[in-house]
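Reading through the structure tokens given below for one structure.
The values are calculated or read from the model by the stated rules, or taken from the named source; none is laboratory data. Everything numeric in this text was worked out from a predicted model, so none of it was measured. FYI the Cβ positions are ideal-geometry reconstructions off the backbone, even for glycines, and counts take in every protein chain you see.
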Amino acid sequence: MRADLTERVLRGLYSAALYVLAPITVYHLIWRGFRQHAYFERWSERYASYPAVAANAPLWLHAVSVGEVNAAAPLVNRLLRDHPGLRLVVTTITPTGSERVQALWGDAVVHVYLPYDLPGAVGRFLDHFRPVLALIVETELWPNLLFGCRDRGIPTHILNARLSARSLRGYRVLAPLIRSALRSVRLVAAQSSEDGKRFVRLGAPATSVVVTGNLKFDMAPVDFDGFAKEFSNARGCNGPVWIAASTHEDEEAAVLEAHRALLKQYPDALMLWAPRHPERFRAVVQRAREAGLQVSTRSEHHWPKPDSQVFVIDTLGELGCFYACAQVAFVGGSLQPIGGHNLLEPAATGTAILTGHHLHNFADIAKRLREAEAMRVVEDAGQLSSGLLDLIADEAARARMSANARLLLDQGRGALERTIALIEPALPRV
């Protein structure tokens, strides 16, 4: 009884704070909308306002943004293949995640934005779609959402679960509430044993935690050779090509510095530049032009021009294709304490990888890539420049890194089959 009373008090305080802060969500959407127009759209979904008629979707999967959608792709593809009559709703939080869902599955799934973690909004969302199973990808621990599923008898599984040491510390403020919510989770399918241990420390029952590996290792192989050949033919130049991918604003100066250093030795070098967030597309074009570089863009010119020194990839869903066009890939979010981004995508294309040392969001993958000598880590902008020059000049080193990465990918497969085996008994029957 004491635990129930404690939970009710904590939930009440948490929910009251969210309702007090709810007006801020409007300002947040407006602020983001000025940077990315899609945030001005579909506000009703963020507050779970839907048509009066319920839209039953027995299976619900949540993937916060592009990275999580890509991680879930092997699983969703298998579910759609093996259960063709199953109605699936996929939620994201970001518009880029929404666009990725639409690009991958179109009308084969229903997509809406996940509502804010307000009790009323959560209740309306669950009552509208009436899922009988909830699958949450990686690390989305919203207390009212988890409690709402528990109170309606909806089993919740956290798949491809990861929890960095930093995220674990970040949950301390809500630790008693999160601990109570996690007790209702039926399964935590962790990427690594360290992730699993952290979930247990956060409050998940040890009996519910299973290490399944990372679903990203099970990405279906994609042949980008045709795309890379078309890119090369259109460019009409044989100079070295590297890509600065998923970069953040504070990394942009370092990226430009590295490219200027490369151009001194290779005047016909080309940098492909794919900022992490769409609101930076125009900004990096302007920044490169202000640096005196010849710039073309995917949206305006389609392919780099022969005299292009920078080609900005201002589209979504094509990063893998352009990784295959580069000899070296710098993966951003790693020179500043963001925590890094997906390192397996360039590994899958055979591109030599450079990254900064802030990799806490992908600690297990980064460790394995380093131990396999499939990736190099730099500490700052100066090392990025020198590391890029070294790899561009050393074709043999790039070939070794590529071979090591492909071997690691092959050895890491299996998370999909292990995950399917665990969730299959709970899947709704149609």
Is it true that Ser232 is out of contact with any Gly (no Cβ under 9 Å at 6 or more places or on another chain) and at pLDDT below 95? yes
Filter result for the condition that a residue is under 28 Å from Asp82 (Cβ atoms) and modelled with pLDDT of 95 or more, over Leu389, Leu416, Leu409, Leu427: Leu416
Selection status of Ser334, surrounded by 22 or more Cβ atoms within 10 Å (Cβ to Cβ) and either assigned to a loop (DSSP other than H, G, I, E, B) or among the polar types (S, T, N, Q) (or both): yes
Got a sec? Which of Ala381, Ala363, Ala329, Ala397 is touching an Asp or Glu at 6+ places or on another chain (Cβ under 9 Å), in the same structural domain as Gly239 (by TED's automatic domain parsing), closer than 30 Å to Ala134 by Cα and among the small types (Gly, Ala, Ser)? Ala363
Of the residues in the range 277-320, those that are part of a helix (DSSP H, G or I), surrounded by 18 or more Cβ atoms within 10 Å (Cβ to Cβ) and out of contact with any Asp or Glu (no Cβ under 7 Å at 6 or more places or on another chain) come to Pro278, Val285, Ala288
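A quick yes/no check of all residues on (1) in a helix (DSSP H, G or I); (2) more than 20 Å from Leu118 (Cα to Cα):
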| position | (1), (2) |
| --- | --- |
| Val9 | yes, no |
| Tyr14 | yes, no |
| Tyr19 | yes, no |
| Ile24 | yes, no |
| Leu29 | yes, no |
| Gly33 | yes, yes |
| Glu45 | yes, no |
| Ser49 | no, no |
| Ala55 | no, yes |
Can you find even one residue in the range 391-398 that is in contact with a helix residue (DSSP H, G or I) (Cβ under 8 Å, 6 or more places away or on another chain), within 11 Å of Leu354 (Cα to Cα), of a type in the set (A, V, I, L, M) and part of a helix (DSSP H, G or I)? yes
Could you run through the range 345-368 and say how many residues are over 18 Å from the mean Cα position of the chain (by Cα) and over 18 Å from Gly320 (Cα atoms)? 3
If we keep just the residues of the range 369-382 that are in a helix (DSSP H, G or I) and surrounded by fewer than 19 Cβ atoms within 10 Å (Cβ to Cβ), which is nearest to the chain's Cα centre (by Cα)? Arg370
The condition from (1) within 20 Å of His358 (Cβ to Cβ); (2) in the same structural domain as Tyr39 (by TED's automatic domain parsing) that Ala254 misses is numbered (2)
Note on Ala403: of the conditions (1) out of contact with any helix residue (DSSP H, G or I) (no Cβ under 7 Å at 6 or more places or on another chain); (2) touching a residue at least 12 places away in the same chain (Cβ under 8 Å), unmet is (2)
